[in-house]
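Data block below; observations after.
The values are calculated or read from the model by the stated rules, or taken from the named source; none is laboratory data. Small disclaimer: the values here were computed from a predicted structure and weren't measured. Don't worry about glycine lacking a Cβ; one is built from the backbone with ideal geometry, like all the others, and counts go over all protein chains shown. Remember, those area values only see protein heavy atoms, side chains included, never the ligands or the DNA or RNA. Shrake-Rupley method; radii C 1.70, N 1.55, O 1.52, S 1.80 Å.
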Amino acid sequence: MDKIIIHGGKKLKGEVVISGSKNSALPILFATLLTDEPTTITNVPSLVDIDTTIAFLNFIGKKIVKKGNTVKTYSSYKYKHIAPYDLVRKMRASILIMGPLLSRLKKVDVSLPGGCSIGARPIDIHLDAFKKLGAEISVEGGYVKTFAKDGLKGAKIDFRFQSVGATENILLAAVLAKGKTTIINAACEPEIEDLANVLNKMGAKVAGMGTKKIVIEGVDVLHGFKHEVIPDRIEAATYIIAAAITKGEVTLKKVVPRHLKVVNDKLKKSGLCIKEMEDTISVKWVKNLKPQNVKTEVYPGFPTDVQAQWMVLMCLLSGKSQIEELVFENRFLPVAELQRFGADITINGKVVNIKGVEKFSGAPVMVSDLRAGAALVLAGLAAEGKTVVSRIYHLDRGYDMLEEKLKKLGAGIRRIHN
Ligand code: UD1
């Protein structure tokens, strides 16, 4: 299995172009199932999760091709209504197959999903909402079987939590349902706005995206579209923290600064010099940073997907800080690995308490999930000596050209194949 070797202690300097958002591209790829007309999606990152989704859609019956960062879909074959374990287990986002197939075929059988090992991650919010739209649901042999005999009908749906995936799944279903659907307590993430914009380009009638109340008027048919995926705000935050942790000076190109407001505000408060322009962010370390407490929340709060990277930075600042994880259970998996670098962290339920240490020393470490992987790479960049990161297949799910981008910024990083 591949490993990443890092010789830490180098200040990052230069420019990095941020890739398209994984979490935006995935639901948009699933949206192509809603039409038989050609579609073109640009700025699609090159990631294992994208390849998995393309293989999945191809299996379901969509003619789909990725060349560079562009994905084109052509005609559809007759769609299959079964999403088997082998395809679904690789990625939790596979459950987004439910919305489009339920609205187009009136039935879909999906193996219960896999994904990162960060807690229970149930899908009850998705299923309760599909029931409200008129679907009957049963679980048999590890499969969720969903059937809407008379087709889906618009309804008022009140989510118990602002789930990103459930908001997307219900959007993907309700655009072709009969009548009006209102989602109360919808997630407001930029990736949801991006999906809703695509659906509207296809002829859907979606309003209120980016707010907690989304209203969808069902239509009979959806058309082809062309769309450029928004920049990946989580990748961008990771490079901003990489600049801060190595006391460097990095300019990020092709970003949307307002998507990163909460992270940048915290870093500015900490003492980092950050300048935001239209689609560029410049970061410069000028003085020792001060620790800041954070708690993860749904957008526009502090993103759970940046929590692990933030933790590494806090570990290396003089003083104490606290992180509260309010979105996922069990999302402190990198703690044990960070302790191998010399970090002083204690876990108390949903909270970690951090006492800053002067330095990290490189260590052999193992990745447990995507964002934990990013944290370990950041730790390696800041550490003295050599770090060997194994099980990096998690990183390949979410970071486009990670070593190439970091190497260009001056990091001592390489991948070995064995
Ligand atoms: C998406 C992102 C992921 C991010 C997360 C939160 C994608 C592909 N992934 O994941 O990177 O970390 O949003 O910003 O976009 N929950 C339930 N029942 C449900 C659905 C969710 O209890 O039916 C819980 C989950 O267990 C979790 C929390 O709600 O604790 C957040 O989940 P959700 O917002 O659905 O995240 P994902 O869509 O899985």
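Structure summary
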quantity: Modelled FRET efficiency - R0 60 Å, Asp344 with Lys107, Cβ distances, 0.05 increments; calculated: 0.65
quantity: Cross-link partners of Lys132 among aspartates and glutamates (Cα-Cα below 14 Å; sequence separation of 8 or more within a chain); calculated: Asp124, Asp150, Asp158
quantity: The range 22-228: Cα Rg divided by the 2.2 N^0.38 Å rule of thumb; calculated: 0.92
quantity: The range 22-228: relative contact order as a whole-number percent, Cα under 8 Å and 6+ apart; calculated: 20 percent
quantity: Translational diffusion of the range 3-102, µm² s⁻¹ [Kirkwood Rh, Cα pairs; Stokes-Einstein; 25 °C; 0.890 mPa s]; calculated: 164 µm²/s
quantity: Straight-distance crosslink candidates among aspartates and glutamates, where the alpha carbon sits under 14 Å from Lys268 and sequence neighbours closer than 8 are dropped; calculated: Glu276
quantity: Accessible area of the range 22-228 belonging to carbon and sulfur atoms, whole % at 1.4 Å probe; calculated: 52 percent
quantity: Simple label model, 7 Å out from Cα along Cβ direction - Tyr77 to Ala207, nm; calculated: 4.2 nm
quantity: Cα centroid separation, the range 340-418 to the range 1-46 (Å); calculated: 19 Å
quantity: Above-threshold pairs, the threshold being 25 Å between Cα atoms, out of Lys13/Lys350; Lys80/Lys212; Lys22/Lys90; Lys66/Lys201; Lys13/Lys287; Lys22/Lys153; calculated: Lys13/Lys350; Lys80/Lys212; Lys22/Lys153
quantity: The range 251-353, relative contact order in percent, only Cα pairs under 8 angstrom and at least six apart counted; calculated: 21 percent
quantity: Cα Rg, Dmax, the range 347-418, angstrom units; calculated: 13.3, 39
quantity: Radius of gyration and Dmax over the Cα atoms of the range 179-258, both given in Å; calculated: 17.0, 55
quantity: Cα centroid separation - the range 60-98 against the range 142-215, whole Å; calculated: 19 Å
quantity: Size of electric dipole in the chain: Cβ of Lys, Arg +1 and of Asp, Glu -1, about Cα centre, debye, nearest 20; calculated: 420 debye
quantity: 0 to 90° range, to nearest 10: angle between helix 164-174 axis and the chain longest Cα axis; calculated: 20 degrees
quantity: Relative contact order (percent, whole number), the chain, Cα cutoff 8 Å, 6+ residue spacing; calculated: 22 percent
quantity: Size of charge dipole - the range 22-228 - debye, nearest 20, with Cβ of Lys, Arg +1 and Asp, Glu -1, no other charges; calculated: 320 debye
quantity: Charge-dipole axis of the chain as Lys and Arg at +1 and Asp and Glu at -1 on Cβ define it, positive-most pick from Ala237, Val16, Tyr393; calculated: Val16
quantity: Peptides 43-50, 164-171 ordered by average Cβ neighbours within 10 Å, highest first; calculated: 164-171, 43-50
quantity: Sequence-distant aspartates and glutamates (8 or more away, or on other chains) whose Cα lies within less than 12 Å of Lys405; calculated: Glu15, Glu235
quantity: Cα convex hull volume per residue for the chain (Å³); calculated: 125 Å³
quantity: Full-stretch length increase - Val139, Lys178 - with 0.36 nm per residue and alpha-carbon distance subtracted; calculated: 11.5 nm
quantity: For the range 67-159: rounded, prolate or oblate by the Cα gyration tensor [a/c cutoff 1.5]; calculated: oblate
quantity: Cα→Cβ-extended label distance, 7 Å offset, between Asn58 and Arg258, nm; calculated: 3.8 nm
quantity: Chymotrypsin sites (Phe, Trp or Tyr not before Pro) lying in DSSP loop within the range 52-83, provided at most 12 other Cβ fall within 10 Å; calculated: Tyr77
